[in-house]
Amino acid sequence: LQKTWILLHVTACVVVGKTLLILFPEAMKRYILKQGEKSRMNQNPKFSYENWGPTFFSFKYLLFVLKVKWKRLEDEAYEGHPAPNTPVVTSNGEVRQLLDFMQDNRPLILNFGSCT
């Protein structure tokens with residue numbers, strides 16, 4: 001059900017975005033460039049709007065956004081449900097799956113912290 005809702009929402013956003021891009025290309029270019037500022041895409045002088053702007057609201061864009069949003073569904077934890085098996089990075093930089101650290105029936109305890 002969640003995947004269906006995401007499919008409908010993302011498809012509607014892409015259809016509206018593509019329609020606005022066709023009807024108001026300059027206004028949408030300004031909007032997309034403003035979004036690019038937030039992600040710092042526009043800081044690379046060799047990577048201009050003409051390289052990435054037209055990809056917004058394309059079919060490839062739709063598929064990419066769906067893939068990312070559906071993958072995030074797998075990473076959500078719900079009380080009473082199995083834990084998500086998300087990728088984690090060990091202290092030596094190795095990428096493993098969270099549930100690889102389970103041992104027999106012992107509980108897996110995660111400790112989060114930060115160093116500043």
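The values are calculated or read from the model by the stated rules, or taken from the named source; none is laboratory data. Every value quoted in this text rests on a predicted model; they were computed, and no experiment measured them. Here the Cβ positions follow ideal geometry from the backbone for every residue, glycine too, while neighbour counts run over all protein chains shown. The area values use the complete protein model at the heavy-atom level, side chains included, leaving out ligands, DNA and RNA. Shrake-Rupley method; radii C 1.70, N 1.55, O 1.52, S 1.80 Å.
A few notes on this one:
- If you go through the stretch 12-49 and pick out every residue that is over 24 Å from Leu63 (Cβ atoms), part of a helix (DSSP H, G or I) and open to solvent by 80 Å² or more (accessible area, probe 1.4 Å), you end up with 5.
- Among the conditions (1) under 14 Å from the mean Cα position of the chain (by Cα); (2) more than 17 Å from Val16 (Cβ to Cβ), the only one that Tyr61 does not satisfy is (2).
- With respect to the conditions (1) open to solvent by less than 90 Å² (accessible area, probe 1.4 Å); (2) part of a helix (DSSP H, G or I); (3) in contact (Cβ under 8 Å) with a residue 40 or more places away in the chain, Trp52 lacks only one, and its number is (3).
- For the criterion of being assigned to a helix (DSSP H, G or I), within 26 Å of Thr86 (Cα to Cα) and in contact (Cβ under 8 Å) with a residue 40 or more places away in the chain, Lys3 passes.
- Picking from residues in the stretch 59-110 that are among the hydroxyl-bearing types (Ser, Thr, Tyr) and free of Cβ contacts under 8 Å to residues at least 12 places away in the same chain, the one that is most open to solvent (accessible area, probe 1.4 Å) is Ser91.
- Residue within the stretch 95-111 that is over 30 Å from His9 (Cβ atoms), at pLDDT below 80, part of a loop (DSSP other than H, G, I, E, B) and over 22 Å from the mean Cα position of the chain (by Cα) present: yes
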